[in-house]
Each structure stands twice: as structure tokens, then as C-alpha cells.
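Single-structure report; data block below.
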Amino acid sequence: MFFADLCVCSAGKVKSQTPKVEKQEKPKKACGRARKRILYNRRFVNVTLSSTGKRKVSILRVLLAIYKGSR
């Protein structure tokens, strides 16, 4: 099946137009036992319950994400 409305000449147009950004150096993510510990603390220790009984995202985590995103 041939599509007449597709043009091969514009292939890769967007990729070539986007500016090249160098990769950032990020801290190593925890894995194994340490990651399980972080998940446990996030889910069960630092938890706040809403009025419906469901878990809410901790306001501290929201503020921290906003702070990290603004830098």
C-alpha cells in the first residue's frame, strides 16, 4: 500500500531542528535493598491519609519536586 501524502524529503526534519543539549551528570540511583527501603519509607512511613481514606502524596515531596524543577 502506498501513501501519496507522505514525503520522504521531510524525514528527520524535527530531529535536525532541535538544539543539541549535553547530558547532565546525575547522582546514582539506589538499587536493591536501598531502593526497597526508600520505597517503604515513601509508601508507609511518610504517608498522609485523605478524608476518603486513600493515601495522598506528601506535601513535602510535592514542594521538593517543585523546588528541584525550578533550579
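Throughout, read-outs are computed from the coordinates displayed, never taken from laboratory work. Quick caveat: nothing in here was measured; it's all calculated off a predicted structure. With ideal geometry, Cβ positions are generated from the backbone for all residues, glycine too; neighbour counts draw on all protein chains shown.
Here's the list of lysines a cross-link from Lys23 could span, going by alpha-carbon distance under 24 Å and ignoring same-chain residues fewer than 8 apart: Lys13, Lys15, Lys68. Spacing of the modelled spin labels on Thr18 and Arg35, each 7 Å from Cα toward Cβ, amounts to 2.5 nm.
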